[in-house]
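The values are calculated or read from the model by the stated rules, or taken from the named source; none is laboratory data. Given the structure is predicted, the values throughout are model-derived calculations rather than measurements. Every residue, glycine among them, receives a Cβ derived from its backbone with ideal geometry; neighbour counts consider all protein chains shown. With ligands, DNA and RNA removed, areas are computed over all heavy atoms of the protein, side chains included. Shrake-Rupley method; radii C 1.70, N 1.55, O 1.52, S 1.80 Å.
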Amino acid sequence: MKATKIYTLLALLMMAGGVMAQNTCWDGTVAEAYAGGDGTPENPYQIATAEQLALLAQQTNDGIGGNAYYMLTDNICLNENPDVDPVLWTPIGHVVGNEPPYFTGHFDGNKMSISGLVCQSNSGHGIAGLFGCTNGAVIQNVTLQNCRLNGTQYTGALVGYAGLTDITGCYIDDVSVTCEVRSAGGLAGFFGLPYYMSQNSNDTCHIVDCHVGQDVTVYGRLSGGLVGEITEYLLWGPSVPVVVSNCTGNAVMMGTECVGGLVGFMRDGNMESCRCWNEVHCSQYAGGMMGLGISANFTDCQNGANVTGNYQSGGMVGKLYGGNILNCENYGWIYGGGAGGISEIGGMVGRYEPDPLLAGSPCENFIRNCHNFGDITGSSDEAGGIIGYAEGNYIEELFIVDCSNSGVVVDNACLAGGIIGHNGYIVRILNVYNTATVGARLGVGGIVGELSLSQDRVINAYSTGELIHEIDNYVCPRGAIVGYSSTNDQFSSCYWLASDEYGSNGQGPELENSSAFGPTTSPSAWQLETPMHNTDDLLTALNLGAEQIETEFPVLGSISRWREDAEMSNGGFPLFGSQWPNGINESVSDAYVCIYPNPTSNLVHIEGIEVSEVQVYNALGQLVKTIQGSNEIPVADLPQGVYLLRIADADGKVYTNKITKR
């Protein structure tokens, strides 16, 4: 019996030693043939082993393959433990000399996984990824897990340098990507037009339905949860903008400049229906969705990532040249540490400027139907609920329309506003409101910190937030609508909650054609002190003001009308007619679901349906609480932050809404 135990123990030790010393997945060899198929769309080459995947890399890099159809038929492990003596991967489309052997084929992951990928490329072009360089390729349904990548130029878990490539249905988790010199992305380092290539009208460049898990870390000079750098070095031929749609990011993002939850840098592209969580850290140009954008457009996007940057940080994008932001929301906290005395932070954009290629030319851009719920704090100049600072050439026009802020905006230096901190652009601030606290040492305004151009207009705006004007024993004037404006003719139909402590303009003449308002016997009805549009009812005046804007600015078409806050989700103050209590309606049903108060510190009430179950998820996507059969959800025990409620009613219908816990 004793001998048997000894032999068993020795066997276990040998097995353990073998596991530690050997890699049981792949030994670095290359198969002689694929598992099957002929490379046609109807019968793609079948890849079932790591050796066959290495065959694809070898053929592509030798210039005798990589231009057909390929499909995974089984899960593939390249390294059991990628952190201990791994077998290194040579990318499919490895750069040799100045002209890389591109992968130009169609690769279908077939929802199989590739794990244990370790790729290091520190010489030559420094491109690292499962694929090195692609051109005109299609990659879909690939899952990458437990991977480690390190390059010097372009590094991504899926593709290092993706040119004119369509990527769909891919997922990465437990992945670390590092690129010290240039671009790092969870999915792709570079995405757009490849080296020395032109485009034609049939080219596409799309990333669709791709997702980044919470155990992903990305570090680079330009870095994004999906892509580090998106651009087109267009030499000739028509422009084909890049489209990133229906993607989510949950990575921890770090870098030195141009860092975003999904994209580090984008030139000429569109981001649509994307969401982001977790954290973004960067010295300059930090954004919940994107670090720096040039002619980049955002539509139907939501950010829940907390953003920390020294210089120019925003919920959507840190700095934006040109481009439009439509139907977007920010729930993340935005913090600007200050660099050289300036931070410039905003719920949507830290700093906005015109597209440098169009600078000096008449153009119009729009930030429309956007709402900030996250707190904006900084230790330096210029903070706003929508934009920190806007700078232009007095020809371009920026329209901020149908927007709101309910996140605290406190700047420990100069110029803070509920909508915009400081403006040097021809800006039209139309049909907006702020209900949150705004504070700064100088230039504190409920809507605008400072408005400096005579062509600017602020029409049909209201503010109810508290104004803080004493920070570090420094006291400055404050204005319910504007902190500082030398004239008042840019303002009309502006309204503010009456105060004995300050007027409408902190440092300048009081606004005309505007009015303070106070309460009535109804908690959701408000009376103007000076009638406007022939009425003393705030809600009626706001709707008449909206009609005035449509007449004066026909380029806008129809703008939002206002409704009474009967459910008291906005403190009883008017909401946009299309705006639900917590912003954009995400319900899968036509039923009206009211969630209030939001933000909250104690209880959340749900009205409009009979609740069967509520699941509460934090910003990392983790289930933190489940409540059965109650329309009241206690949240006092939860840390501050943004949470997603998944609500099921008695009929099995499901609704999703976000709340902010203070």
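Remarks
- For the chain, the fraction of 1.4 Å probe accessible surface lying on carbon and sulfur atoms is 50 percent.
- Under the convention that each Lys and Arg Cβ holds +1 and each Asp and Glu Cβ holds -1, the size of the dipole of the chain around its Cα centre is about 1340 debye.
- HN-Hα J in Hz across the stretch 496-508 - Karplus 6.51, -1.76, 1.60, θ = phi - 60°, x for Gly and Pro: 8, 5, 4, 9, 7, 9, 7, x, 7, 10, x, 9, x
- Long-range amide H partners of GLY424 with built H, under 5 Å: ALA390, GLU391, GLY392
- Residues in the stretch 262-269 carry Karplus couplings, in order, of 10, 9, x, 9, 9, 10, 6, x Hz; the curve used is 6.51 cos²θ - 1.76 cosθ + 1.60 with θ = phi - 60°, and Gly or Pro positions show x.
- Residues THR40 and SER283, FRET efficiency given R0 of 30 Å [Cβ-Cβ distance, rounded to 0.05]: 0.05
- Nitroxide proxy distance, nm - points 7 Å out along Cα→Cβ at GLU547 and THR520: 1.8 nm
- The stretch 381-428 and the stretch 615-662 have Cα centres separated by 32 Å.
- Loop trypsin sites (Lys or Arg not before Pro), the stretch 596-660, which have at most 16 other Cβ atoms in a 10 Å radius of their Cβ (DSSP): LYS653
- Added length on full extension, which subtracts the Cα-Cα distance from 0.36 nm per residue, ASP27 to GLN640: 215.8 nm
- Debye log10 I(q)/I(0) at q = 0.05, 0.06, 0.07, 0.11 Å⁻¹ for the chain, Cα point scatterers: -0.26, -0.37, -0.50, -1.04
- Efficiency of FRET between GLN214 and GLU80 - r from beta-carbon atoms, R0 25 angstrom, step 0.05: 0.65
- Taking 0.36 nm per residue of separation and subtracting the Cα-Cα distance, full extension of the segment from THR299 to GLU466 would add 57.0 nm.
- Phi-based couplings in Hz for the stretch 27-41 (Karplus 6.51, -1.76, 1.60; Gly and Pro marked x): 9, x, 7, 10, 6, 8, 7, 7, 6, x, x, 10, x, 8, x
- With all protein chains kept in place, the per residue accessible area of the chain amounts to 36 square angstrom at a probe of 1.4 angstrom.
- In the chain, Cα pairs under 8 Å separated by at least six residues give a relative contact order of 5 percent.
- Over the chain: helical MRE at 222 nm, DSSP H runs n ≥ 4 each giving -39500 (n - 2.57), nearest 500: -2500 deg cm²/dmol
- Lysine pairs with alpha-carbon atoms under 27 Å apart, the chain, spacing 8 or more or separate chains: 5
- Neighbour cut-off at most 12 other Cβ (10 Å), DSSP loop, GluC sites (Glu not before Pro), the stretch 40-133: GLU42
- For the stretch 32-101: rounded, prolate or oblate by the Cα gyration tensor [a/c cutoff 1.5]: oblate
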